[in-house]
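The values are calculated or read from the model by the stated rules, or taken from the named source; none is laboratory data. What you are looking at is a predicted structure, and each value in this text was computed from that prediction instead of being measured. Positions of Cβ are generated from backbone atoms using ideal geometry, with glycine treated the same way; all protein chains shown enter the neighbour counts. The accessibility values were calculated without ligands, DNA or RNA, using every heavy atom of the protein model including side chains. Shrake-Rupley method; radii C 1.70, N 1.55, O 1.52, S 1.80 Å.
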Amino acid sequence: WDKRLTEIFCDICIKEILKGNRPGTHFIKDGWLKIMTNFEKQIDIGLGWNLIKRTVDASDNWWESKLKVVPKAQKFKTSGIDPKFE
């Protein structure tokens with residue numbers, strides 16, 4: 001992890017502690033679920049690979065933000081790629 005990810009994770013953990021989701025030395029189950037959910041939202045995780053379609057598997061929000069930067073990548077949202085292996 002880089003510094004940015006560490007800071008995001010720590011900030012989320014602190015918020016959950018302040019909400020009472022770590023009554024002792026460990027987070028309760030609900031606290032961990034909230035940490036994971038909030039962390040994923042903040043760092044834009046959720047990418048995968050669809051083996052059947054052979055495309056990047058991502059949310060519409062992810063595609064929307066990325067296509068603003070690289071509009072030509074639109075073809076990769078719906079069309080598969082055929083990587084060449086040596």
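Quick rundown of the values:
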{"item": "Counted residues, the stretch 18-36 - those being free of Cβ contacts under 8 Å to residues at least 12 places away in the same chain, surrounded by fewer than 13 Cβ atoms within 10 Å (Cβ to Cβ) and more than 12 Å from the chain's Cα centre (by Cα)", "result": "8"}
{"item": "Any hit, the stretch 17-33, residues being assigned to a loop (DSSP other than H, G, I, E, B), on the phi < 0 side of the Ramachandran plot, in contact with a strand residue (DSSP E or B) (Cβ under 7 Å, 6 or more places away or on another chain) and of a type in the set (A, V, I, L, M, F, W, C)", "result": "no"}
{"item": "Residues of the stretch 57-76 classified as more than 14 Å from the chain's Cα centre (by Cα) and open to solvent by 50 Å² or more (accessible area, probe 1.4 Å), total", "result": "9"}
{"item": "In the stretch 37-56, residue modelled with the lowest pLDDT [restricted to those that are closer than 28 Å to E7 by Cβ and open to solvent by 80 Å² or more (accessible area, probe 1.4 Å)]", "result": "I45"}
